[in-house]
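Laboratory data are not the source of any read-out in this text; all were calculated from the coordinates shown. What you see is a predicted model; the values in this text were computed from it and never measured. Positions of Cβ are backbone-derived with ideal geometry, glycine not excepted, and every protein chain shown enters the neighbour counts.
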Amino acid sequence: MKAKIAWVFVASFILVAALIIADTSSNARIDKQLNPLIEQMHAEIGNDPRLALSSNPYDYIKDNEAYRKIVALGEPAAISLERRLTQKRDSGLYGVIYTIAIHEIRRSGEQ
């Protein structure tokens, strides 16, 4: 009986470890796609003098190609953006833009 309990414990441990590794690999894969797009989005926003006086975050994403590509990545991007927000890696304007992207991704998934 003790051997069976030990076997179940070991099997459970291995399964959980495998799931954690798979999730970490998935996170790394989406971050590899997302990070250059975020950098591109920051550059597009920073290089557009028309946006310098706007306080409306929707002005910043209206014609932003990188933002569209981020939203097109779907739910994995939403999860990664949420992780960025909870880790406080980005806040202020970009935090608002990430929140808008998450909302847009989730809203499009409902249809």
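Structure notes:
- Ordered by the number of other Cβ atoms lying within 10 Å of each residue's own Cβ, fewest first, LYS62, LYS88 fall into the sequence LYS88, LYS62.
- Whole-Hz couplings from phi, Karplus 6.51/-1.76/1.60, listed for the stretch 65-75; x for Gly and Pro: 4, 5, 4, 4, 5, 4, 4, 5, 5, x, 4
- Label-point gap, in nm, between LEU53 and ALA28 - each point 7 angstrom along Cα→Cβ: 4.8
- Dipole of the stretch 26-110 [Lys/Arg +1, Asp/Glu -1 at C-beta], most positive-end residue of ALA101, GLY74, SER26: SER26
- Here is the size of the stretch 26-110 from its Cα atoms: Rg then Dmax, 12.3, 38 Å.
- Straight-line cross-link partners of LYS88 among the lysines, defined as a Cα under 24 Å from its Cα and at least 8 positions apart when in the same chain: LYS32, LYS69.
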